[in-house]
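Report on the structure given below.
The values are calculated or read from the model by the stated rules, or taken from the named source; none is laboratory data. Bear in mind that the values here come from a model prediction, so they are computed numbers and not experimental data. Using ideal geometry, Cβ is built from the backbone for each residue, glycine included, and neighbour counts are taken over all protein chains shown.
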Amino acid sequence: MAKKKKLPLWASVVVVVVALLLDWLGFVELGEDDGEPDRVPSGAPVADVPVSGSSGHLLGEAPRGADLTRLDRIGYSVGYDEDRANPAWVGYHLVGRPKQEAGDRPGFWTDKETARQIKTGDYTRSGYSRGHMAPNYAIASYYGVEAQKQTFLMSNIIPQLQGLNGGAWRALEENIPGPDGYADTLGEVWVVTGPLYSGRVETLNEVDVDDPRAVHIPSDCYMIVVDEDGGGYRAMAFIFPQEPPGDYDLADFLTTIDDIEDEAGLDFFHGLPGEAALESTQAASVW
């Protein structure tokens with residue numbers, strides 16, 4: 001067998017320069033800023049990601065109060081905000097212990113069911129991670145590999161600083177699935193997550209707010225965990241700032257669902273028995 005020839009040094013330099021130029025222009029992705037690289041090229045056909053799903057991921061009816069695009073996936077549901085190019089809410093439902101094996105972490109995908117058609121490259125060099133609302137591991141381990149792929153659709157992603165994405169947000173997120181997680185110890189839980197906005201409008205890479213590629217940057221993120229308790233319901237509601245303190249306790253971020261509704265402009269769990277008490281009561285501690 002003939003020995004494979006190595007590229008001369010000058011040719012290797014050219015290849016690297018061209019790759020960096022293509023990355024800068026957004027044609028290819030050399031890596032992801034949420035801690036792990038894409039394992040699927042960003043240009044891979046979105047048809048490989050199933051879009052059929054279930055509408056049974058929500059407790060009661062879908063949140064209302066905004067003009068949103070409803071998207072139902074295998075393992076979660078989305079209310080997508082076309083104006084801000086982010087999901088306004090994402091809901092998922094986990095029962096008992098996980099029963100599925102997670103696959104390899106795939107790449108991020110443009111969601112062809114949204115008008116904005118946000119790409120993974122729109123986040124490049126923005127300083128923000130691609131933050132999952134329905135989490136990769138939880139959905140994979142309860143709903144399977146095809147459901148896992150759907151969590152990488154950009155309609156399930158918001159801008160999060162890495163200190164939040166890999167810190168307090170992740171700490172709470174990882175308490176929910178798996179053996180001895182909330183779903184296991186409590187039997188089942190419903191989770192709703194999303195972004196909040198305050199102050200002046202900021203966009204990824206300072207893209208003009210009227211540009212179709214403009215992704216709004218949240219000032220905060222919320223997560224609500226609901227458990228059926230003695231024939232009624234109880235909830236933990238959290239608001240996390242984009243830059244939580246380094247030394248924190250999850251209890252520091254507890255709030256009420258009413259407070260989240262006021263900031264989000266949404267009405268959660270409407271019509272649910274005991275809704276008023278559920279939404280006005282702040283959990284005394286983290287479960």
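Odds and ends about this structure:
Yes/no matrix, rows are residues, columns are (1) in contact (Cβ under 8 Å) with a residue 24 or more places away in the chain; (2) in a loop (DSSP other than H, G, I, E, B); (3) surrounded by fewer than 16 Cβ atoms within 10 Å (Cβ to Cβ):
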site: P195; (1), (2), (3): yes, no, no
site: D211; (1), (2), (3): no, yes, yes
site: A214; (1), (2), (3): yes, yes, no
site: E228; (1), (2), (3): yes, no, yes
site: R234; (1), (2), (3): yes, no, no
site: F240; (1), (2), (3): yes, no, no
site: P245; (1), (2), (3): no, yes, yes
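- Within the range 155-172, residues that are closer than 14 Å to T124 by Cα and modelled with pLDDT of 95 or more reach partners that are acidic (D, E) and not in a strand (DSSP E or B) with beta carbons closer than 7 Å, at six or more positions or on different chains, in the pairs L161/E243.
- Scope the range 68-104; condition hydrophobic (A, V, I, L, M, F, W, C) and in a loop (DSSP other than H, G, I, E, B); matching residues: L68, I74, A85, A102
- Every pair of residues 6+ apart whose Cβ atoms lie under 9 Å, when the first sits in the range 80-105 and is without any contact (Cβ under 8 Å) to a residue 60 or more places away in the chain and more than 18 Å from G131 (Cα to Cα) while the second is assigned to a loop (DSSP other than H, G, I, E, B) and among the hydroxyl-bearing types (S, T, Y): none
- Sole residue being buried (at least 23 other Cβ atoms within 10 Å of the Cβ) and under 16 Å from the mean Cα position of the chain (by Cα), chosen from P135, P106: P135
- Considering residues of the range 255-285 that are at pLDDT 95 or above, under 14 Å from V226 (Cβ atoms) and hydrophobic (A, V, I, L, M, F, W, C) only, the residue farthest from the chain's Cα centre (by Cα): A277
- Applying the criterion of being crowded, with 24+ Cβ neighbours inside 10 Å and hydrophobic (A, V, I, L, M, F, W, C) to the residues of the range 148-158, the residue that is nearest to D104 (Cα to Cα) is L153.
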